[in-house]
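Worksheet: one structure, shown below.
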Amino acid sequence: MKKFVIPDMHQLEKAPTSAGAMRNKLSAMIDSSVTCPRVKVDSLNTETGEYRIVLQGTLDKDHSW
């Protein structure tokens, strides 16, 4: 899997993207983290299924630039 680097963060917000592409980007980011990311469910609408999550972690900077 491609190593996720800090400049790749800008690619996360680009739309439109498929669920598969987003899954690959997030998986690469998590796998490239030196600390296990924490997840917070920021909001959840049980009527519509809409959700917002927050990931917090630290990327490995050894090869980021």
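No lab work stands behind these numbers, since they all come straight from the coordinates. Note that the coordinates shown come from a computational prediction; the quantities given were computed from them, not determined experimentally. Please note: Cβ atoms are built from the backbone with ideal geometry, for glycine as well, and neighbour counts cover all protein chains shown.
Using a Gaussian network model of the chain with C-alpha springs under 10 Å, which one of ARG38, ARG52, ARG23 is most mobile by mean-square fluctuation?
Taking springs between Cα atoms under 10 Å, the residue moving most is ARG52.
Testing the spin-label approximation: label points 7 Å from Cα along Cα→Cβ at GLU13 and GLU47. State their distance in nm.
About 3.0 nm separates the two model spin labels.
For VAL39 paired with GLN56, estimate the spin-label separation in nm (one decimal), with each label point 7 Å from Cα along the Cα-to-Cβ line.
Using points 7 Å along Cα→Cβ, the separation is 1.6 nm.
When all C-alpha to C-alpha distances in the chain are sorted into bins of 10 Å, what percent of pairs does each bin hold, rounded to whole numbers?
19, 46, 28, 6, 1
Just THR35, THR48, THR17 to compare: in a GNM of the chain, with alpha carbon springs under 10 Å, which one fluctuates most?
Ranking THR35, THR48, THR17 by mean-square fluctuation puts THR48 first.
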